[in-house]
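See structure below.
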Amino acid sequence: MSIEVRAESPTDPDGQALIDASRRALRAIYPPKQDFGLEASDMATPDTRFLVARLDGRAQGCVALVDKGGYGEVKGLFVRPEARGKGVGRALMAALEAAARDLGLTCLRLETGRELGAATRLYRALGFHDRDAFGTYPAEASSLFMEKPIDAAAPRA
C-alpha cells in the first residue's frame, strides 16, 4: 500500500469527484447555512493549493490550502470511506503543512463541524487547538474553529 500526495487541479475529473463526494457527505449532515465547503471552481485559484492523495494510484482523498496572507486556511479535507484508517488523512495534512512552510506561512487555521469527530480527532492529534471564529465565519454552534502554529523554517519530512 503506497500513498502519494501531489498538487493537482480541483477541476480535473479525480479532483472534481472527490470534492463532489465531500460536498454530498457534508450536505447530509449540515443545513446549507452551516455548510462552508468550497466548490471545485472556488479552489481553482492562484492562492489555493489543492492536494490529492492516491492510494495505490487511485484518488482517495483531498485537501486544499488557501493562502490568506498572514495564515493558511485548511479547506475540504476529505478521505473516501474505503480509505479511512489507512493514513491518507495524515499524509494529506503532512503535505499541506509542507506546502504552507514553502509559502512562508506560520499558522494554519480551519473550521470544521462538531459532528465530524474523526476529523476533529485527527486535527487534535496533529497539534491543532481550539480558537475563536476567524475571517468571515459566523460563530455557529455547529462549528469548531482550530489553529496550529507552524515553524516556517522547520525541515520538511
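Taking other Cβ atoms within 10 Å as a rough exposure proxy, Arg54, Arg84 sort from fewest to most as Arg84, Arg54.
Per the Cauchy relation, a quarter of the hull surface: what is the mean projected area of the convex hull of the alpha carbons in the chain, in nm²? Don't skip to the end; give the middle numbers.
Values: hull surface 34.8 nm².
Dividing the Cα hull surface by four gives the mean projection, 8.7 nm².
Along the stretch 137-147 the Karplus relation, 6.51 cos²θ - 1.76 cosθ + 1.60 evaluated at θ = phi - 60°, assigns HN-Hα couplings of 5, x, 7, 6, 5, 7, 9, 10, 10, 9, 8 Hz to successive residues, with x for each Gly and Pro.
Counted by neighbouring Cβ atoms within 10 Å, the residues Phe145, Phe128, Phe134, Phe50 run from fewest to most as Phe134, Phe145, Phe128, Phe50.
Highest mobility in the GNM of the chain, judged by mean-square fluctuation with C-alpha springs under 10 Å and restricted to Leu65, Leu105, Leu92, is found for Leu105. Of all the options Asp12, Asp47, Asp130, the one that moves most in a Gaussian network model of the chain with Cα springs shorter than 10 angstrom is Asp12.
Across the stretch 63-76, computed HN-Hα scalar couplings (Karplus, 6.51 cos²θ - 1.76 cosθ + 1.60, θ = phi - 60°) run 7, 10, 10, 9, 7, 9, x, x, 7, x, 9, 7, 10, x Hz from first to last residue, x flagging Gly and Pro.
Shown for the chain: lysine pairs separated by 8 or more places, or found on different chains, whose C-alpha atoms are under 21 Å apart, numbering 4. Counting charges near Arg84 (Lys, Arg +1; Asp, Glu -1) among other residues having Cβ under 13 Å from its Cβ returns a value of +3. Springs join every pair of Cα atoms under 10 Å in this Gaussian network model of the chain, and among Ala64, Ala28, Ala17 the largest mean-square fluctuation is at Ala28. Each Cα pair under 8 Å and six or more residues apart adds its sequence gap; the mean of these over the residue count of the stretch 3-149 is a relative contact order of 20 percent. Name the shape class, rounded, prolate or oblate, that the alpha-carbon gyration tensor gives for the stretch 81-157, where a ≥ b ≥ c are the square roots of its eigenvalues, rounded holds for a/c under 1.5, and otherwise prolate holds if a/b is larger than b/c and oblate otherwise. Oblate is the answer for the stretch 81-157, as a/c is 1.5 or above yet b/c matches or exceeds a/b.
Read-outs throughout are calculated quantities, based only on the coordinates presented, and are distinct from any laboratory measurement. On a predicted model such as this, the values are computed, not experimentally measured, just so you know. Don't worry about glycine lacking a Cβ; one is built from the backbone with ideal geometry, like all the others, and counts go over all protein chains shown.
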